[in-house]
Every structure is written in structure tokens, then in C-alpha cells.
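This report concerns only the one structure given below.
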Amino acid sequence: MSVEQLVILSQLEQEYLLHAIEAALPVQHARQFFLWTQGQLQALLPHQVLVCLQFGAQEELQHIECLHSTVLEAGLRSRLCSRDDGLALRLAQHCRGSGGRLPALLDAGPHADPLKAGQGLAPFQGELRELGLENMLMHGSERLPGGATFFVMFGLPHRPRPRHAYFLQLLLPYLHISLQRISRQQAQAQAGTLARPVSAREAEILHWVREGKSNDEIGMILGISGLTVKNHLQRLYRLLGVSNRAQAIARGMVLQLFDRAPLMLANAA
């Protein structure tokens, strides 16, 4: 799907767009973001569910928001927003990994033609229909030093058109900045709710986990046994509320634990 064709906004659409941009400027917190997406953004781009994803420098999923104004069945929410294999995450991985052009849209209605799906999105049509969501619209930022973002609107009331993709393209900078703001604000709040601070040794081990080192390799670097590294990691998992290395890395990124690693390594040297 391409939005290169000329899109002329009506006077009403121009007003909606201006209001959406103005209302996005002061967004700092999750509640404000929710009200904006369900208010001014909905006026311009009506949809049932908006899933927002933020990725870190290593392409790990750092933060996810699932926004909707009506009650969303728990099973449907999980299938859309799961941090492990949710549809939104798989769409982001597909679009960001295939080099496909964004923004992109997909019509999965009963009369949709799979041959017109484009961007290799045809395999997702059946899943969308199964979930009771006949279409979607998505866009995302490029890989940026501060992390990339990706946004998926599910269940537009009408078949998505290039003009809808154009609206989302115009609003992407405001979505991107707002998501980064609330992610940072939530990380700061969460950092203060840990049962105890992360120790210097735990942060150092997490740094080497992020570098792809095994427990034994980390032990050799730090002069301790692999079993001791494992024990440190198990305590760190419980502290961070995670269950594996990938989740610990993502949580560490959100809490900015890796900012401490260079100083610790320098002191160790």
C-alpha cells in the first residue's frame, strides 16, 4: 500500500487533525494518552483497539499498551497484545523485518481479495477474521537511538483507505513521542516499587546477559562460578517479576539498569 497519491483533506478533516495534534502536545501520562486516543484520535481515525509497542536498541520489546473504550474479552486481548506471540507483535516483526513500506493497511472482510493484501500480509487475513476484526491499519517509526515504536489500529468501522493511512502517517510523530513519554514515566514509577534496589553485581550480570553470554561465560568474566551466576539471576528474576533472560533484559531496559554497567565495568578493571 502506498500513500504517494495526493490526499486532499476536507475542512472537517483538517479541523480534526489540528485538534488531534494540539491535544497530543501536553500528553505526559498513561491516563492522558488514553483520553487522547479515545477522543481526538478516534474522531479522525475511528477504531476498536489500538496496540502500541516500543522497542529498545536491541530490538527487544520494552513496553506495550492496549487501548480500547469498550470491554475487551480477555482471550481476545491476549491474542492481540501478548508480549510473547501476540498478533500486534508479530505484525511489527513482520513489517519491520521484511523491509516493507509503512504505513500499511489490511482488509480482511468477507469480500477481501488476498491478492491485494500486499506487504506479505495475506497470511494475517484469516486470523483477523477469526478474531472478529475485519481490518487494521498500522505504522511505525524507523530504528532510532531512543527506541522504535509501532502502532496497530484494529477494527476500523469502514474498509481502510490510503487517506486513513495518510492520517496515521501525519500523527505518527505525536504517537511516538507520547508513547516514549509515558513509558519513561511508568519506568520511573516502577523503579520505586521494587522490593529492594538492584545490586551492582546483579546489574553487572544482567549487562553480560544482554551481551549474549552464558552463565559459565559470565562466571569466567567475573571470577565466580556459573552456579553463582545462576543464583544471582534467579534472585533478579524474582525482584523484577520476570521468568527468563529475554524478559529480564526488556525490564532492565525499561528501568534503565544498563546505564550503570559501563561505570561498574570500569571500576572492576
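The values are calculated or read from the model by the stated rules, or taken from the named source; none is laboratory data. Treat the numbers as computed from the prediction; the structure is a model and nothing was measured. Using ideal geometry, Cβ is built from the backbone for each residue, glycine included, and neighbour counts are taken over all protein chains shown. To get the accessible areas, we keep the full protein, side chains included, count just its heavy atoms, and leave off ligands, DNA and RNA. Shrake-Rupley method; radii C 1.70, N 1.55, O 1.52, S 1.80 Å.
Assorted remarks:
- Pairing residues of the range 67-83 that are crowded, with 16+ Cβ neighbours inside 10 Å with residues that are among the aromatic types (Phe, Trp, Tyr), at Cβ distances under 7 Å and at least 6 apart in sequence or on separate chains, gives LEU67/PHE34; LEU80/PHE154.
- Residues satisfying the stated conditions in the range 209-252, i.e. aliphatic (A, V, I, L, M), open to solvent by 40 Å² or more (accessible area, probe 1.4 Å) and closer than 19 Å to HIS63 by Cβ: ALA246
- Filter result for GLN28 (touching a residue at least 12 places away in the same chain (Cβ under 8 Å) and closer than 19 Å to GLN186 by Cα): yes
- Which listed residue, of ARG201, ARG184, is without any contact (Cβ under 8 Å) to a residue 60 or more places away in the chain, surrounded by 14 or more Cβ atoms within 10 Å (Cβ to Cβ) and under 30 Å from ALA23 (Cα atoms): ARG184
- Some residue of the range 96-106 being within 22 Å of TYR166 (Cα to Cα), of a type outside the set (A, V, I, L, M), surrounded by 11 or more Cβ atoms within 10 Å (Cβ to Cβ) and at pLDDT 90 or above: yes
- For the criterion of being of a type outside the set (Phe, Trp, Tyr) and touching a Gly at 6+ places or on another chain (Cβ under 6 Å), GLN42 fails.
- Residues within the range 25-55 that are in a helix (DSSP H, G or I) and under 16 Å from the mean Cα position of the chain (by Cα), tallied: 4
- Every condition in (1) at pLDDT 90 or above; (2) surrounded by 17 or more Cβ atoms within 10 Å (Cβ to Cβ) is met by PHE258 except one, and the failing one is (1).
- If you go through the range 84-95 and pick out every residue that is out of contact with any helix residue (DSSP H, G or I) (no Cβ under 9 Å at 6 or more places or on another chain) and buried (at least 21 other Cβ atoms within 10 Å of the Cβ), you end up with 2.
- Test: residue in the range 16-34 that is β-branched (Val, Ile, Thr), within 24 Å of ALA165 (Cβ to Cβ) and open to solvent by 20 Å² or more (accessible area, probe 1.4 Å): yes
- A count restricted to the range 56-87 and to residues that are farther than 25 Å from GLN125 by Cβ and either in contact with a Gly (Cβ under 6 Å, 6 or more places away or on another chain) or part of a helix (DSSP H, G or I) (or both) stands at 2.
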